[in-house]
Amino acid sequence: MTFDRATRRKWFSHGMVVLTGLSIVVVATPLVWIIYETALLGGSVFNVALFTQGIPYPCTPGNGITCHQGGIVVPIEGTLILVGLAALFSVPIGIGAAIASVEYGGQRRWARITGLVADVLSGVPSIVAGAFVYALLILYDPAIVFSTLSGSLALAVLMLPIVTRACEEALRTVPHSVREAAYALGISRWKTSVRIVLVGALPGIVTGILLAIARAAGEAAPLLILLGNGCAHSLQGIQDEGCSLSYWIWLGATNPYQNWANLAWAAALLLVLIILVLSVASRLVLDRMARRMRGG
Amino acid sequence: MNPDNPFPAPSKGATPRKVPRFGDWTFLALVIAATLLVVGVMVTLVVVLLYGSRFTIQSLGFSFLYGTTWNPNNNVYGILPFLDGTLITSAIALFLAVPLGLGAAIFLTQHAPGWLRGPVGQLIELLAAIPSIVYGFWGLIFFVPIERNYTEPFLKTWLGWTGLFGGTPFGVDFLTAGIILSIMAVPTITALSRDAIAAVPRAQKEAAISLGATDWEVTRRAVLPYARSGIVGGIVLGLGRALGETMAVVLTIGNTDKIGTSLFDSGETVSGGIALGFFEPTGPLNISALLEAGLVLLAITLAINLGARTILHRFQSGAAAGAE
């Protein structure tokens, strides 16, 4: 049986369409599988103790041994403090730099450097940010190299370009007529920037900050270098060794204890949930902004 | 008010001041300080890493870049064993993620029913945000055993003659780490390709259809060439991410510092070598070597990322020009 050219082309086309459809199945399978296992294993120890108790003694059940489940309150606190500090460092600087480049720079050449540097910084691998903070703090004070503070500095380096970029884009969406109206009313330039333009750009800025926080919360590589290991006991000051959810997953994955692994899955589930909530929240903020822009 | 003059001069307080107010000066100083800080972070990052790696730069020179041994106990540092791991795993990741990610993007934009596009698109964007440590943990617990027991013996039996799959399949090796990286790179490649393909004007497709092209010929000859630079930008950005990735790789590659030739060899990447090296540094020379490895990784990823951004910018300005 022979096919003419047109039939061959048609069936080749059908075949390729089926292949693209298959590729989406192949792509989705491991991703759905990851979510499924995380939800299943993390969910099996998802209870109140998780949020009230500290890390338990390492233990694997069997031969009549029962293990204490324990909880991950220390990693949770650690992540909150780390991300909070990193936001404290990066958000004001990012917003300030964005205001300088958009509100004062305009079309001028120097104003473009902020965007360029943000582009370059956003390509810095997280492990290099960690090595940088290590190299910097060891010059300053070796005693605080392994601490919550140094970990949060590395996270701030990773958040800074995201916040700066998002702020620049948000400020650019505020129409120029709004600024001119404010100047016409005799409002000074800085008050226009802070009380009118910045407020108008707030949804975009909040979205950027939420996405930056989501990125920082899941980051583990620089914390491997910088946190020390403060997971075993309750957290001390920010100049002492710290802990985070991501660091705890690393400990659970690289140690052979069953109850630690269970808590690591719980930490993974919690991290994924946190990031899910932050993404949904940022989408809601953007939608609200879009509706307001349409004049609703 | 003087009735003869309906337009009295404004009172003193309302005149626009020529001299900026105190608040303006302070605010300007603050935002300029913020700009200098952003630029300063970038500059300090490079300077501090250079200064921190001065011992190895001075004592080893270029041999750091082509040395084949990394042995902190004897203070011998050559980065090739790590570079080898980074390049092999990233190559595997691209080899798998480009066709699959692009195929998924084509299906989503061209052939998928409308009700499927939105949810799947959002799922993919969410997956790009899952932390790499979670991918690594999952890979270590669930994927490594599958590799060890099924995939790798299968490949060894049927493709062993290629020489790529020699040695004992332990499961923690270049192949596994590369596959995990490809799983992580797919959402980036799919999302950016999808945006590029969605930006192709309708007329481009309609012209091809009117000439009697089949579905695939429309995609292959009318859509993909138009979206090419956007797709390439997405791929290079995915590559940049794969090169710098640490956690997913460090848990699945086996962490040995020898140069591997088979895909079943365990090894180490630059990022993983840095992360693990800081746990027990043997001395100042070791720390210096780790920081220099960081510089090398920084140089590679920056070159890749700036390349990707140049391509994407050209794509954006090209799309803007096409719309006019």
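Points to keep in mind about this one:
- Residue check for B:Thr188: in a helix (DSSP H, G or I), out of contact with any Phe, Trp or Tyr (no Cβ under 9 Å at 6 or more places or on another chain) and either within 14 Å of another protein chain (Cβ to nearest Cβ) or without any contact (Cβ under 8 Å) to a residue 24 or more places away in the chain (or both): yes
- Residue ranges of helices (runs of 4 or more DSSP H) in segment B:108-183 with at least 3 members closer than 16 Å to B:Ile92 by Cβ and away from chain A (no Cβ under 14 Å): B:152-159
- Failed item in (1) surrounded by fewer than 24 Cβ atoms within 10 Å (Cβ to Cβ); (2) within 18 Å of B:Met247 (Cα to Cα); (3) among the β-branched types (Val, Ile, Thr), with A:Val145 passing the rest: (2)
- With respect to the conditions (1) touching a residue at least 12 places away in the same chain (Cβ under 8 Å); (2) surrounded by 15 or more Cβ atoms within 10 Å (Cβ to Cβ); (3) assigned to a loop (DSSP other than H, G, I, E, B), B:Thr68 falls short on a single one, namely (2).
- Residue among B:Ile133, B:Ile124 that is at pLDDT 90 or above, of a type in the set (A, V, I, L, M, F, W, C), in the same structural domain as B:Asp257 (by TED's automatic domain parsing) and crowded, with 18+ Cβ neighbours inside 10 Å: B:Ile133
- Condition met for A:Ser152 (in contact with a Phe, Trp or Tyr (Cβ under 9 Å, 6 or more places away or on another chain) and in contact (Cβ under 8 Å) with a residue 40 or more places away in the chain): yes
- Exactly one residue out of B:Glu245, B:Glu268, B:Glu217 is without any contact (Cβ under 8 Å) to a residue 40 or more places away in the chain and in the same structural domain as B:Thr190 (by TED's automatic domain parsing): that is B:Glu217.
- Restricting B:Pro119, B:Pro99, B:Pro113 to residues that are assigned by TED's automatic domain parsing to the domain that holds B:Trp216 and more than 30 Å from A:Asp119 (Cα to Cα) narrows the list to B:Pro113.
- Taking residues in segment B:161-179 that are over 22 Å from A:Val26 (Cβ atoms), and partners anywhere that are of a type in the set (S, T, N, Q), the pairs with Cβ atoms closer than 7 Å and at least 6 places apart or on different chains are B:Gly166/B:Ser262; B:Gly167/B:Ser262; B:Phe170/B:Ser266; B:Val172/B:Thr252; B:Val172/B:Ser266.
- A:Tyr36 being exposed (fewer than 14 other Cβ atoms within 10 Å of the Cβ) and not in a helix (DSSP H, G or I): no
- Out of B:Gly234, B:Gly267, B:Gly230, sole residue that is surrounded by 19 or more Cβ atoms within 10 Å (Cβ to Cβ) and closer than 19 Å to B:Thr86 by Cβ: B:Gly267
- Within segment A:2-18, residues that are more than 9 Å from every other protein chain (Cβ to nearest Cβ) sit with their Cβ atoms under 8 Å from residues that are in a helix (DSSP H, G or I), at 6+ positions apart or across chains, in these pairs: A:Phe3/A:Trp11.
- Filter result for B:Ala29 (of a type in the set (A, V, I, L, M, F, W, C) and either under 26 Å from B:Lys258 (Cβ atoms) or at pLDDT below 90 (or both)): no
- Every test in (1) closer than 16 Å to A:Gly242 by Cβ; (2) in contact (Cβ under 8 Å) with a residue 40 or more places away in the chain; (3) touching a helix residue (DSSP H, G or I) at 6+ places or on another chain (Cβ under 8 Å) is passed by A:Leu137 save one, and that test is (2).
- Screening segment B:209-323 for helices (runs of 4 or more DSSP H) wholly inside it with 3 or more residues that are within 18 Å of the chain's Cα centre (by Cα) and facing chain A (nearest Cβ under 9 Å) returns the ranges B:224-244, B:270-277, B:284-323.
- Check on B:Ala91, assigned to a helix (DSSP H, G or I), in contact with a helix residue (DSSP H, G or I) (Cβ under 9 Å, 6 or more places away or on another chain) and more than 8 Å from every other protein chain (Cβ to nearest Cβ): yes
- Residue ID - nearest to the other protein chains (Cβ to nearest Cβ), chosen from residues in segment A:105-123 that are in contact with a Gly (Cβ under 8 Å, 6 or more places away or on another chain) and crowded, with 17+ Cβ neighbours inside 10 Å: A:Gly123
- Some residue of segment A:143-156 being over 23 Å from the mean Cα position of the chain (by Cα) and in a helix (DSSP H, G or I): yes
- Taken residue by residue, segment A:229-238 has at least one member that is of a type outside the set (Lys, Arg) and within 12 Å of another protein chain (Cβ to nearest Cβ).
- Residues in segment A:166-186 that are within 11 Å of another protein chain (Cβ to nearest Cβ), in a loop (DSSP other than H, G, I, E, B) and among the hydrophobic types (A, V, I, L, M, F, W, C): A:Leu185 alone.
- Condition met for B:Gly101 (of a type in the set (Gly, Ala, Ser), assigned to a helix (DSSP H, G or I) and more than 9 Å from chain A (Cβ to nearest Cβ)): no
- Matching residues in segment B:119-143 - criterion: being of a type in the set (Val, Ile, Thr) and farther than 16 Å from A:Trp265 by Cβ: B:Val120, B:Ile124
The values are calculated or read from the model by the stated rules, or taken from the named source; none is laboratory data. Remember, it's a predicted structure, so these values are computed and weren't measured experimentally. Heads up, the Cβs are rebuilt from the backbone with ideal geometry, glycines too, and the neighbour counts pull from every protein chain shown.
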